[in-house]
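Below is one structure, written out as structure tokens; the observations come after it.
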2 protein chains.
Amino acid sequence: MRLSRYFLPVLKEAPAEAEIASHSLMLRAGMIQQLSAGIYNWLPLGHAVLKRIEQIVREEMNRAGAIEILMPTIQPADLWRESGRYDAYGKEMLRITDRHERDMLYGPTNEENVTDIFRRHVRSYKQLPLNLYHIQWKFRDEIRPRFGVMRGREFLMKDAYSFDADFEGAKRSYDAMFLAYLRAFSRMGLTAIPMVAETGPIGGNMSHEFQILASTGESAVYYDAAFEEVDLGAPDLDIERLKSLYAATDEMHEPEKCEVAADRLRAGRGVEVGHIFYFGTKYSEAMGATVTGPDGSDVPVEMGSYGIGISRLVGAIIEAFHDERGIVWPEDVAPFKVGLVNLRPGDEATSAMADELYAKLEKAGVTVLLDDRDERAGVKFATMDLIGLPWQVTVGPRGVAAGTVELKARGTGEREEMTPEALLARLSA
Amino acid sequence: MRLSRYFLPVLKEAPAEAEIASHSLMLRAGMIQQLSAGIYNWLPLGHAVLKRIEQIVREEMNRAGAIEILMPTIQPADLWRESGRYDAYGKEMLRITDRHERDMLYGPTNEENVTDIFRRHVRSYKQLPLNLYHIQWKFRDEIRPRFGVMRGREFLMKDAYSFDADFEGAKRSYDAMFLAYLRAFSRMGLTAIPMVAETGPIGGNMSHEFQILASTGESAVYYDAAFEEVDLGAPDLDIERLKSLYAATDEMHEPEKCEVAADRLRAGRGVEVGHIFYFGTKYSEAMGATVTGPDGSDVPVEMGSYGIGISRLVGAIIEAFHDERGIVWPEDVAPFKVGLVNLRPGDEATSAMADELYAKLEKAGVTVLLDDRDERAGVKFATMDLIGLPWQVTVGPRGVAAGTVELKARGTGEREEMTPEALLARLSA
């Protein structure tokens with residue numbers, strides 16, 4: 001993409017309303033624009049990151065055997081009356097009356113709807129296990145939305161729902177999601193710490209929340225160093241061991257009871273980005289979702305639900321990866337892999353080399369943002385540092401004369417002069 | 001995907017509530033399930049088709065230079081008061097009050113929001129042309145939703161918005177979308193006929209709607225045979241000529257005035273799937289979206305909007321491609337390219353060959369649905385015909401003994417025996 005044809009409305013000043021780093025940087029980098037309290041437009045750069053994260057989550061869900069569907073945003077109140085949550089859910093639920101005066105709502109979550117899909121189509125334990133997920137916008141009418149996309153009202157969430165004939169099956173489904181979550185966050189460059197969690201308004205008795213580590217995170221967390229050493233590709237990965245490792249927020253942390261050796265106890269700060277629940281037959285009993293078991297009798301299906309805040313993750317990743325100059329994207333979620341700076345668009349030889357590199361990188365399947373604007377070098381470098389693409393390539397008249405370009409790693413700041421050929425080989429790898 | 005691990009709740013009977021072919025077939029093939037009037041769950045097969053169509057539209061928008069963003073579903077009423085549409089829009093607009101008693105609405109379209117984005121960030125004609133699009137769910141509270149996803153209340157739409165400094169630029173933007181639409185529909189296997197259209201509630205004075213041909217279409221259409229012969233890859237494609245070709249719905253068709261030679265005048269039936277508008281400064285004037293022109297004076301920006309009904313297209317394509325046994329997907333929108341039937345899952349040699357073919361096709365990047373269920377052959381063939389995958393491959397004990405499998409083209413019904421190697425070569429091409 002050529003920046004002259006892109007839409008990247010970066011801001012020079014940090015917006016006064018932003019209280020945390022990710023909110024400020026997303027506004028400054030032209031990733032989002034507020035439309036109403038807690039409701040955001042995703043501008044091209046922000047949208048690109050959102051899609052990358054969504055795709056990683058999708059791939060890990062599919063890999064774990066979950067099947068993608070899409071449930072609508074607007075739901076009838078009657079389904080929620082069946083589960084008892086229509087009255088129980090507070091003012092966070094956005095209630096709507098349609099033109100025929102029917103009570104509707106903007107889904108804050110989808111247990112009722114997915115249980116309804118299940119009970120209409122599944123009859124036998126032989127059709128199980130089943131895990132249905134979707135990636136859809138939700139609405140929670142937070143009384144005081146803040147922190148940008150970290151606590152918005154309209155937000156994108158992946159929610160999966162597992163159905164099993166018995167507890168053993170439900171536990172296998174739960175464990176598969178536990179592992180899928182660790183893998184998804186790891187692919188985003190994050191270290192995720194699973195913590196035993198309260199089950200809250202969803203109900204149930206087995207639950208973990210996933211906090212990712214970020215120095216500016218919202219809560220203090222304590223955890224066993226083993227979490228930093230897990231090999232998620234190991235075929236014999238021991239989920240039970242992972243679940244037994246020590247991890248606690250400061251509210252739950254009790255130094256005198258913690259058995260982790262002092263040199264193995266890590267303290268950090270975390271941002272919650274996912275939550276998984278086993279809640280048994282809470283919804284299936286209330287809504288009559290049963291299957292016929294091997295012995296011919298009907299049993300309510302065992303369920304769990306598994307959420308990842310996709311739009312929240314955009315902010316959370318920035319909390320984990322930024323410095324005083326801007327965002328530092330991990331490669332797998334970066335909106336473009338390479339930022340290519342043409343230092344002198346007016347110079348024929350410089351532009352020829354920049355354009356050639358741009359074409360060759362794109363042809364090799366590398367995503368590139370080419371800064372071909374007629375701007376000062378300082379403005380271009382500041383923009384590149386702000387938007388945080390992993391690799392910056394600078395093409396200028398002096399280098400062109402010497403037959404070289406400069407490669408800079410945004411993360412380390414390391415710079416290297418090399419020939420265009422060497423650069424192509426390096427970045428296309 | 002193995003059918004035994006998929007979620008494909010096909011129905012044996014045609015549902016009584018379905019009045020048209022696509023609605024009936026989508027329910028029977030387990031693609032959708034109604035949640036509330038005009039609001040549907042997209043089950044795995046339906047979701048897969050929706051994503052394929054979305055991706056074709058995205059690629060053609062990007063190719064035409066449009067840039068993807070994502071605007072939220074919920075909008076503040078105040079923006080619509082600026083344009084005057086909050087009161088003008090009828091009961092189709094789903095109006096919402098949030099917990100702070102602010103008037104909100106579920107966006108039926110996004111002219112106001114995108115104009116607001118523009119006016120906050122763009123100052124100069126030098127930043128133009130600009131075309132921003134998004135693919136997002138909309139809500140229109142139809143008084144009588146019907147025909148399944150063809151006239152739903154919650155629906156997925158691609159809407160693009162162009163911004164230009166003058167009429168000449170706006171016309172270029174309009175023409176680029178006109179061409180992108182023809183290309184997108186063509187890639188879906190459809191013949192699209194652009195018709196001069198009334199501008200309706202959006203306002204403006206240059207507009208086309210795109211009808212795709214389907215024998216069961218909602219309106220009769222008359223058109224110049226030249227539309228069936230257009231080479232959309234031609235670098236010198238003459239958009240003005242295309243616009244001047246005869247095309248009319250029966251309401252507008254006047255046989256005595258039509259100048260197309262009798263042997264070149266085609267009559268068919270059409271389904272509207274897209275609509276493009278140039279509306280000049282209607283919104284930019286009302287909302288103060290101006291740019292500084294080359295002479296230093298501020299002018300309201302020239303705009304157009306361009307919609308494609310993504311969820312509607314799923315139904316429209318089925319209207320165009322089905323027979324008495326089920327759906328016949330064009331290859332580029334099919335949920336899987338190949339349906340692989342294992343006729344005898346209990347037979348070791350048969351299962352070995354089916355599994356091997358399945359693995360090799362997937363490895364070659366071919367999407368496959370393997371029917372590995374313990375069902376009668378008749379049920380399996382009927383399911384495959386119903387869900388309409390372009391290629392059906394049957395592996396049975398007799399063929400395995402002879403070293404062959406059967407390939408059937410869903411569209412023509414042609415069958416051919418061949419070796420597994422020949423089959424792989426054919427389908428991987």
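The values are calculated or read from the model by the stated rules, or taken from the named source; none is laboratory data. Given the structure is predicted, the values throughout are model-derived calculations rather than measurements. Positions of Cβ are backbone-derived with ideal geometry, glycine not excepted, and every protein chain shown enters the neighbour counts.
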note = Within region A:404-416, residues being within 18 Å of residue A:380 (Cβ to Cβ), without any contact (Cβ under 8 Å) to a residue 40 or more places away in the chain and not basic (Lys, Arg) number 4
query = Somewhere in region A:39-48, is a residue under 30 Å from residue B:33 (Cβ atoms), over 16 Å from the mean Cα position of the chain (by Cα) and of a type outside the set (Asp, Glu)?
reply = yes
inquiry  = Against the condition at pLDDT below 95 and within 22 Å of residue A:308 (Cβ to Cβ), how does residue A:139 come out, does it pass?
reply    = no
request  = Identify all residues within region A:3-20 that are surrounded by fewer than 19 Cβ atoms within 10 Å (Cβ to Cβ), more than 8 Å from chain B (Cβ to nearest Cβ) and out of contact with any Phe, Trp or Tyr (no Cβ under 8 Å at 6 or more places or on another chain); write none if there are none.
outcome  = A:4, A:10, A:11, A:12, A:13, A:14, A:15, A:16, A:17, A:18
message = Taking the conditions exactly as written (more than 8 Å from chain A (Cβ to nearest Cβ), under 20 Å from residue B:162 (Cα atoms), assigned to a helix (DSSP H, G or I) and touching a helix residue (DSSP H, G or I) at 6+ places or on another chain (Cβ under 8 Å)), does residue B:109 satisfy them or not?
response = no
request  = Could you check, for region A:342-350, whether at least one of its residues is free of Cβ contacts under 8 Å to residues at least 12 places away in the same chain and either in a loop (DSSP other than H, G, I, E, B) or among the small types (Gly, Ala, Ser) (or both)?
outcome  = no
ask   = Are any residues in region A:187-200 touching a residue at least 12 places away in the same chain (Cβ under 8 Å) and closer than 20 Å to residue A:248 by Cα, and if so, which ones?
value = A:190, A:191, A:192, A:193, A:194, A:195, A:196, A:197, A:199
inquiry  = Looking at the structure I just gave you, is residue B:109 closer than 24 Å to residue B:302 by Cα and either under 18 Å from the mean Cα position of the chain (by Cα) or surrounded by 19 or more Cβ atoms within 10 Å (Cβ to Cβ) (or both)?
reply    = yes
message = Just to check your reading of the model, which residue among B:351, B:305, B:311 is hydroxyl-bearing (Ser, Thr, Tyr) and surrounded by fewer than 21 Cβ atoms within 10 Å (Cβ to Cβ)?
response = B:351
ask   = Which condition number in (1) assigned to a loop (DSSP other than H, G, I, E, B); (2) surrounded by fewer than 19 Cβ atoms within 10 Å (Cβ to Cβ) is the one that residue B:62 fails?
value = (1)
Among the candidates A:346, A:399, A:403, A:411, residue that is modelled with pLDDT under 95 and of a type outside the set (S, T, N, Q) = A:346
request  = With the condition kept exactly as written, say whether any residue in region B:253-265 is in contact (Cβ under 8 Å) with a residue 40 or more places away in the chain and over 24 Å from residue B:168 (Cα atoms).
outcome  = yes
request  = Give region B:11-27 a look and list any residue that's part of a helix (DSSP H, G or I) and either touching a strand residue (DSSP E or B) at 6+ places or on another chain (Cβ under 6 Å) or closer than 24 Å to residue B:186 by Cα (or both), or say none.
outcome  = B:21, B:22, B:23, B:25, B:26
query = Could you count how many residues in region A:370-381 are touching a helix residue (DSSP H, G or I) at 6+ places or on another chain (Cβ under 6 Å) and not charged (D, E, K, R)?
reply = 1
request  = Restrict the check to region B:206-219 and report whether at least one residue is under 25 Å from the mean Cα position of the chain (by Cα) and without any contact (Cβ under 8 Å) to a residue 24 or more places away in the chain.
outcome  = no
ask   = Restricting the search to region B:113-140, which residues are in a helix (DSSP H, G or I), more than 10 Å from chain A (Cβ to nearest Cβ) and not β-branched (Val, Ile, Thr)?
value = B:119, B:125
Residue that is nearest to the other protein chains (Cβ to nearest Cβ), among those in region B:141-153 that are surrounded by 23 or more Cβ atoms within 10 Å (Cβ to Cβ) and within 15 Å of the chain's Cα centre (by Cα) = B:152
task = Collect the residues in region A:28-46 that are more than 10 Å from every other protein chain (Cβ to nearest Cβ) and part of a helix (DSSP H, G or I), keeping them in residue-number order.
result = A:28
query = Yes or no: residue B:74 touching a residue at least 12 places away in the same chain (Cβ under 8 Å) and either closer than 22 Å to residue A:92 by Cα or among the acidic types (Asp, Glu) (or both)?
reply = yes
query = In region B:47-91, what residues are in contact with a Pro (Cβ under 8 Å, 6 or more places away or on another chain), within 12 Å of another protein chain (Cβ to nearest Cβ) and under 15 Å from residue B:310 (Cα atoms)?
reply = B:48, B:49
remark   = Restricting attention to region A:110-148, the residues that are farther than 16 Å from residue A:285 by Cα and in contact with a Leu (Cβ under 9 Å, 6 or more places away or on another chain) number exactly 11
query = With A:111, A:101, A:154, A:142 as the choices, which residue is charged (D, E, K, R) and on the phi > 0 side of the Ramachandran plot?
reply = A:101
